[in-house]
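The values are calculated or read from the model by the stated rules, or taken from the named source; none is laboratory data. Everything quoted here is computed from the prediction, not taken from an experiment. A quick note on method: Cβ atoms are made from the backbone with ideal geometry, for glycine too, and the neighbour counts reach across all protein chains shown.
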Amino acid sequence: MIQKHVKRMLENSDPKQDPRYLTSVEKGFRVLDALSVNSGPMSLTEISRKTELTVPTLQRLTSTLVEAGYVQKEMSSKRYRPTVKTVDLLFSYLSRNQFANRAWPHLVKLREDLGLDVSLSVPLGSSMIYVHRLPGYSGNFENTLPGKKVPMHYSASGRCILSQKSRDEIESYVSAAEVTPLTPWSISNPAELVDEIYLCRERGYALVKQEASPGIMTIACPVIREGEAFAGISVHVPAAGTAPASFIDKVLLPVVLVSQALSSG
């Protein structure tokens, strides 16, 4: 079921053609998505730019979301932010997701063995979202939080997911993707991105150096069932003073073993 869900997310179907599709609900989630990725509270004008919704429409949507408890309005600035109630949704997902629960002890042991940051991420549209993040060194607080999204093509786990797709699917994804660099080291040339994804396929793992987060180097391996890659296991290390070859020598085999164990369950 997980594999089929991931496949549906990666297909270019238009859900708005479904007669059961409720536009008002979709617009509400568009507002929550905009608020969730912003670094601070947002005005209606800022939300409008992000969501392409009109201010009058946003006034109704934000009032509804405030009443439902998912959004808070700052009375002094008239700006909006998500509330702690959104964390409850994350808890509900993690506590009921069998794969996330099964992966947890493997991730804990991997972190203990390596002493480095360890993550589990899954696809969400054209992004990867971190489900588990276990800190192993003193790094940036934000980089240890679950729920963070990274464009699939800049994520090591995302490149692992893409590497299992057909040539046509890979090239179609990259041509449609927003190749907007996240850091000075992010690849901005679509042809180079395709090459990196193919390299990941040849190696069986992805190595990403400071493309998603400055100062962070990551190795990831895919979790595959029934021929579909539906998750990625990754290990992160400070890029400064770490040679890629020594990083690979230290962590690749343990990461491969965990990904294989989770692929076989």
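Points worth noting:
- Residue 161 hydrophobic (A, V, I, L, M, F, W, C), surrounded by 16 or more Cβ atoms within 10 Å (Cβ to Cβ), free of Cβ contacts under 8 Å to residues at least 60 places away in the same chain and not assigned by TED's automatic domain parsing to the domain that holds residue 36: no
- Residue list for the range 1-23, restricted to those being at pLDDT 60 or above and loosely packed, with under 11 Cβ neighbours inside 10 Å: 14, 15, 16, 17, 18, 19, 20, 22, 23
- Some residue of the range 218-227 being surrounded by fewer than 15 Cβ atoms within 10 Å (Cβ to Cβ) and either part of a loop (DSSP other than H, G, I, E, B) or touching a Cys at 6+ places or on another chain (Cβ under 6 Å) (or both): yes
- The range 31-50, residues that are touching an Asp or Glu at 6+ places or on another chain (Cβ under 9 Å) and either closer than 15 Å to residue 83 by Cβ or surrounded by 19 or more Cβ atoms within 10 Å (Cβ to Cβ) (or both): 34, 38, 41
- From the options 66, 84, residue that is over 30 Å from residue 237 (Cβ atoms), out of contact with any Lys or Arg (no Cβ under 8 Å at 6 or more places or on another chain) and among the hydrophobic types (A, V, I, L, M, F, W, C): 84
- All of 205, 154, 173 fail the test of being surrounded by 15 or more Cβ atoms within 10 Å (Cβ to Cβ), in contact with a Cys (Cβ under 6 Å, 6 or more places away or on another chain) and more than 16 Å from residue 117 (Cβ to Cβ), apart from 205.
- For the range 84-135, the set of residues classified as surrounded by 14 or more Cβ atoms within 10 Å (Cβ to Cβ), touching a Gly at 6+ places or on another chain (Cβ under 6 Å) and assigned to a helix (DSSP H, G or I) consists of 111 only.
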